[in-house]
Structure formats: structure tokens, C-alpha cells
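What follows is one structure encoded as C-alpha cells, with my remarks underneath.
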Amino acid sequence: MRRWLVEAALAGTALALGSFFLASTLSEGDGWPIGVELAAGAVAVTALIRYRRSRPVALALVLIVLGLLFGLPMGATPIALFAVALYRSAAVAVAVTAVHAVSLATVYLIALGPTRTYWEATTFLVLLHVILVGIGMLVRAQRRLVRSLAERAREAEQGDELRVGQARLAERERIAREMHDVLAHRISLLAVHAGALEVRRDAPAGERLAAGVIRQSAHDALEELRQVIGVLREPAEDRPQPTLDDVPALVAQSQEAGERVELRMAADGVPAGVGRHAYRIVQEALTNARKHAPGARVRVAVTGHAEQGLVVEVGNLLRAGGSGLPGSGTGLVGLRERVQLAGGRLDHGPTATGEFHLRAWLPWTP
């Protein structure tokens, strides 16, 4: 809409100026028949609207010739020169303006002679066109300055983003090194001691079995630690993530470690993203039960379908004391954030029957 208003304003201005020049010509008894003038004016205005952006130099040269021959097209000539100054370099604008000034002065000198009218008319028209060309050059320079400032701001913003990304990557590398230096060393020692206990011939069979579970768990922990470190160092790399199908194996690991865990699953075709959330919920719930209620029976239930959503329930008896394992205190907080980000709900806490119950609902979204 704005472009059409601009085009209409330019056409109106060209016709108004052309009418003024045409009236001056007719008042002196010169000029072409009015029909020819109108046709020339229509051609000039149409060419001005259509070609002032794409071909301003050719348009200006044609309108210079038409303006010298006819009165009405003279109104479009200043706008065409302004377009040359706006869309072409300063040298081109000055050259076209000089051609117009020389042509105008020569034709008027032939027509009027070196009279006062000649000098007044020539001076007025040349100054008018020079002023318009100067304004056009200023507007073009201002536009180039604005574009240059915008480009600099964009480059500065990109530079800031690059520096932030590099700082984030350096921090991830530092965290990865700390995790590797501290956790990998301690877990490796745990695996070595468990392996030594597993091969002792004088150890009871139950202890050797428990030592084997500890050794395997330490090995799995090392593998997961390597994956986490790899993600920190190479965040763009896609790695396989656990799904709901891995929950039975997770429960089996707890059972091998001596935990009494019962699993009931009644959900098929669970989307991979939802299943990954369910796996992490069960994993954190089993860890909390192992820390705060060692030896207690744990019930895990995963049920649902597409219309109802997926429900994950974990319950265990409350017991005084605990395993003595340190906790970060953020496990349930992290679960709540995970569930909320997935669009679900999480409820947990003690019940009237003396149990700790955790229930999470996840929407069935692909």
C-alpha cells in the first residue's frame, strides 16, 4: 500500500510540474497541440513509474529529450534525475545532470537567444535540477550509512554470539575434564576392588555374586560417564538414548544387586521421547529407594495408552535411616523439571500407609 501511495504522489508531482511548464509554453503561443502534449506526458509519467528504479539513467536521458521537445514531460525530468542520484553513483548522477544542463542551455539559446528570459529560465531550471540531484545524493549517502551501521551491528552481534559459544564450549571442556579426572578414577578403583573380591576363592558365593554386580555396575557407570563426557565435548553429536524398552533391564540390574523390585508394564507403542522420560523417572526413583529405604520392596508400574497418556508409579515402604550414600538433593527437582518440560505432572510424598509414593503422568506425544 505504501509503495502505491509513493508512486501516485510521484505521478501527481510530475503532472503538476509538467502542467506548469505546459501552461507557460501555451501562454507564449508556442508548443504542440494539446492532444500531442497529453500523449507525451502520459508516456513520460508511465516510464517514470516503471523504470525509475531499474533503469534510471536511460529513463533520464529519454525524458531529457522529451522535456526539450514537449512541455508536459518536463515535469517528469527532475524526478528522473533525482532517481539517478538515488540509485546510481555520484559520478553518474553528475554526468547525467551535466548533459541535461548543457542540452537545456543550448536548446533555449537557439530558441530564445541571449535574452533576459533565456538567462532566467535556464538558471531556474538548472538550479532546480541541481538541487534535486544534490538531495538525491544525500539520501543515497544516508541510506548507505544506515546499511553500513546495521551491518556493523550485525557483525558485532555475531561476534558476541561466537565469543559466548566459545566460552560455553570452554566451560563444557572444563567440566568434562573434572568429571573424567575425579569420577573415572574413583569408579575405576571401585571396579578393580570388586573384581578382586569376585575372584577370591575363599569368599562366599553370595559375596562373589554381589561383587560381580558391583563390578558390572561400575563398568556400566564408566561407559555412561564416557558418553556424558563425549556429549559435553561434542554437543552436536547424536547418541542413542534409553527408551521404555530398557526399563526391564534397569530393574534387572537392581534385582541383581539384591534389591526387591517388582515391575508391571502395560503400555505398547510408546513414543521414543515419552519412553526416554519414563526411563529416567524409574531410574531416579530406584536410586532414591536404594538410598533412603535399602532393602524395602519397591513396586514399579508403567501403564497407559494413547488416549490416557503414560503413567509411571513407584512406591516403597518408608524406613528410618538409609544406605549412607550421599545425595545431591536435586533428583526430584530435576524430575519435576523434566516432567513439566514434557507437559506432564509429577506428585510424590509419603502416604497414610507409611509408603513413599511417586506418580508421574506424561502426555502421549510423538
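The values are calculated or read from the model by the stated rules, or taken from the named source; none is laboratory data. All values derive from a computational prediction rather than experimental measurement. When we count neighbours, we look across all protein chains shown, and the Cβ atoms used for this are built from the backbone with ideal geometry, even at glycine. SASA here: full protein model, heavy atoms, side chains in, ligands and nucleic acids out. Shrake-Rupley method; radii C 1.70, N 1.55, O 1.52, S 1.80 Å.
Per-structure values
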quantity: Meets criteria (over 30 Å from Leu250 (Cα atoms), of a type in the set (Val, Ile, Thr) and surrounded by 10 or more Cβ atoms within 10 Å (Cβ to Cβ)) for Val133; calculated: yes
quantity: Members of the stretch 67-78 found to be assigned to a helix (DSSP H, G or I) and closer than 10 Å to Leu17 by Cα, listed by number; calculated: Leu72, Pro73, Met74, Gly75, Ala76, Thr77, Pro78
quantity: Exclusive hit being open to solvent by less than 30 Å² (accessible area, probe 1.4 Å), modelled with pLDDT of 85 or more, part of a helix (DSSP H, G or I) and not charged (D, E, K, R), set Ala101, Ala58, Ala40, Ala44; calculated: Ala101
quantity: Any chance Arg299 is in a helix (DSSP H, G or I) and in contact with an Asp or Glu (Cβ under 7 Å, 6 or more places away or on another chain); calculated: no
quantity: Residue that is out of contact with any helix residue (DSSP H, G or I) (no Cβ under 6 Å at 6 or more places or on another chain) and farther than 21 Å from Ala8 by Cα, where the choices are Ala90, Ala98, Ala39; calculated: Ala98
quantity: Unique residue being surrounded by fewer than 21 Cβ atoms within 10 Å (Cβ to Cβ) and modelled with pLDDT of 90 or more when the list is Ala306, Ala301; calculated: Ala301
quantity: Candidate set: the stretch 349-362, residues that are closer than 17 Å to Gly275 by Cβ and open to solvent by less than 20 Å² (accessible area, probe 1.4 Å); chosen: the one nearest to the chain's Cα centre (by Cα); calculated: Leu362
quantity: Checklist (1) in contact (Cβ under 8 Å) with a residue 60 or more places away in the chain; (2) open to solvent by less than 50 Å² (accessible area, probe 1.4 Å) applied to Ala210, failing item; calculated: (1)
quantity: Check on Val261, touching a residue at least 40 places away in the same chain (Cβ under 8 Å), open to solvent by less than 30 Å² (accessible area, probe 1.4 Å) and either hydrophobic (A, V, I, L, M, F, W, C) or touching a Pro at 6+ places or on another chain (Cβ under 8 Å) (or both); calculated: no
quantity: Pairs where the first residue, in the stretch 302-315, is within 18 Å of Glu262 (Cβ to Cβ) and acidic (Asp, Glu) and the second is open to solvent by 10 Å² or more (accessible area, probe 1.4 Å) and in a strand (DSSP E or B), C-beta under 7 Å, 6+ apart; calculated: Glu313/Ala301; Glu313/Arg359
